[in-house]
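Colleague: If you scroll down you'll find the structure; I have some questions about it.
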Amino acid sequence: MQSRLLKVVALLLLVTLPAAASAGVRSNEAAKPQADTVRMAHVTISTLAEGSAYILTGAPALLKKRGIAAKWSTFNGSSPNLTAALLARQVDVGIIGVGTPINAVAQGGDLRIIAGNAGFAMNLVLAKDALSKTGGVTSKSKLGQRLKALKGLTIASTAVGTTPPSFLAYILQTVGVKLSDLKMVTVNDPLAMMEGMRNGRYDGAMLGPGSLEPALNDGSAVRWLSLPKDFPPVARIPLTAAVATGAWADSHRSVVARLRAAFGEAGSWGTRKRAGAKALIRKTYFQSMDPKVFDIAVTDSMPTWTHDGKISRTEFNRMMAVQRVGNPRGDFTSVTYEKLIDRVARK
């Protein structure tokens, strides 16, 4: 009788031990920390002004090793739509021009820069047919002459008060020209800008590197202004940044710190390993762009990429100077370094 009982117990152990072992494995797996999912968005993927962010998109391992799983989307050049998505908590982090959070904070909005991304890189091109309006000034003329020759021309860009027109205003003032001396037209789509130049609607257009190069490639436009090449001081003035609401940043402190570190590593790696960075960005987003045009555009933008994901107080002051010139009627007294720049992104 006792031997039969021992056999039954042994059989029960054989059945239950594997199940218990399996449960133990599942329990250990469940205990592993899960990656933090962050909904991230580019305002556009038509320009190379988002170098560090493009590297993070093409090399998700830079985020993965920090426990972040990014879900990327794009807003086709519409800063207002991305801003609305951030405020509505449909997007956690947006890669966008710094003018957007500055204007939002000035109006009482809850946006904050959590990581620097890139300094100012921009191209202004003129339609070939518009060169007859420049009074003999050519694309080879001195910078001051080229800037003065823009007076009276119709230039397509993003809305006045956003980053590209504000930087243009900042540079124009160095030769005594105001942005109001030009006829600025709001256009967000680079394809529409180029088509408008070809049919005579616009004399020129201004947007980030990589977006207007097709017009240069087909000969319908010429490069009139290339930044930072023509005006090196703007290279260290922030152009694009990673932006979140203050509420989201405050409730995700660890994620914000890891994101800032990832942006810093991406930009640093890209500037040290240029060939690898170019190949990665081209493969991810710009395969259809002419190789020579792509190489020129990305080379122009690389000197502006962040090396640490941070923005210094000096860079902030320059950024605000640009914004005040570009939007002289704006009241930016409430926009302070501490309010706009998250503490992990301050130098």
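Colleague: Tell me yes or no: at least one residue of region 121-130 is within 25 Å of residue 189 (Cα to Cα) and in a loop (DSSP other than H, G, I, E, B).
Modeller: Looking through region 121-130, at least one residue is within 25 Å of residue 189 (Cα to Cα) and in a loop (DSSP other than H, G, I, E, B).
Colleague: Is one or more of the residues making up region 210-220 farther than 16 Å from residue 297 by Cα and part of a strand (DSSP E or B)?
Modeller: no
Colleague: Only residues that are touching a residue at least 24 places away in the same chain (Cβ under 8 Å) and of a type in the set (S, T, N, Q): list them for region 334-343, please.
Modeller: 334 - this is the single residue of region 334-343 that is touching a residue at least 24 places away in the same chain (Cβ under 8 Å) and of a type in the set (S, T, N, Q).
Colleague: How many of the residues making up region 138-149 are assigned to a loop (DSSP other than H, G, I, E, B) and without any contact (Cβ under 8 Å) to a residue 60 or more places away in the chain?
Modeller: Going through region 138-149 one residue at a time, the tally reaches 5.
Colleague: Further, regarding this structure: Quick check on region 253-281: of everything there that is at pLDDT 90 or above and among the polar types (S, T, N, Q), which residue is farthest from residue 71 (Cα to Cα)?
Modeller: Across region 253-281, the extreme among qualifying residues is 268.
Colleague: Output the number of the condition that residue 66 fails; it satisfies all remaining conditions of (1) at pLDDT 75 or above; (2) over 30 Å from residue 102 (Cβ atoms).
Modeller: Failing condition for residue 66: (2).
Colleague: Restricting attention to region 263-299, and to residues there that are in a loop (DSSP other than H, G, I, E, B) and in contact (Cβ under 8 Å) with a residue 60 or more places away in the chain, which single residue is nearest to the chain's Cα centre (by Cα)?
Modeller: Top of the filtered list is 286.
Colleague: Can I ask one more? Mind telling me which of the residues 205, 241 ends up being in the same structural domain as residue 289 (by TED's automatic domain parsing) and in a strand (DSSP E or B)?
Modeller: 241
Colleague: From the residues in region 28-61 that are at pLDDT 85 or above and part of a loop (DSSP other than H, G, I, E, B), which one is surrounded by the most Cβ atoms within 10 Å (Cβ to Cβ)?
Modeller: The extreme case among them is 43.
Colleague: Related question: Can you tell me how many residues in region 83-120 are assigned to a loop (DSSP other than H, G, I, E, B), surrounded by fewer than 15 Cβ atoms within 10 Å (Cβ to Cβ) and hydrophobic (A, V, I, L, M, F, W, C)?
Modeller: Final tally of qualifying residues: 1.
Colleague: How many residues, within region 101-122, are modelled with pLDDT of 90 or more and under 30 Å from residue 222 (Cα atoms)?
Modeller: Counting residues in region 101-122 that are modelled with pLDDT of 90 or more and under 30 Å from residue 222 (Cα atoms) gives 1.
Colleague: So, of the residues in region 317-333 that are of a type in the set (Val, Ile, Thr) and in a helix (DSSP H, G or I), which turns out to be surrounded by the most Cβ atoms within 10 Å (Cβ to Cβ)?
Modeller: Checked region 317-333; the qualifying residue surrounded by the most Cβ atoms within 10 Å (Cβ to Cβ) is 322.
Colleague: Looking at 336, 284, 314, 304, can you tell me which residue is surrounded by fewer than 17 Cβ atoms within 10 Å (Cβ to Cβ), modelled with pLDDT under 90, touching a helix residue (DSSP H, G or I) at 6+ places or on another chain (Cβ under 9 Å) and not assigned by TED's automatic domain parsing to the domain that holds residue 180?
Modeller: None of the others qualify; the one that does is 284.
Colleague: Check 123, 76 and return the single one that is closer than 23 Å to residue 209 by Cβ and surrounded by 22 or more Cβ atoms within 10 Å (Cβ to Cβ).
Modeller: None of the other options fit; the residue is 123.
Colleague: Taking region 179-202 as the search range and keeping residues that are outside any loop (DSSP other than H, G, I, E, B) and of a type in the set (Gly, Ala, Ser), which one is nearest to residue 146 (Cα to Cα)?
Modeller: 180
Colleague: Being assigned to a strand (DSSP E or B), at pLDDT 90 or above and closer than 21 Å to residue 121 by Cβ is the filter here; which residues of region 151-178 pass it?
Modeller: Correct list: 155, 156, 157.
The values are calculated or read from the model by the stated rules, or taken from the named source; none is laboratory data. As the structure is a computational prediction, the values presented were derived from the model and not from experiment. Heads up, the Cβs are rebuilt from the backbone with ideal geometry, glycines too, and the neighbour counts pull from every protein chain shown.
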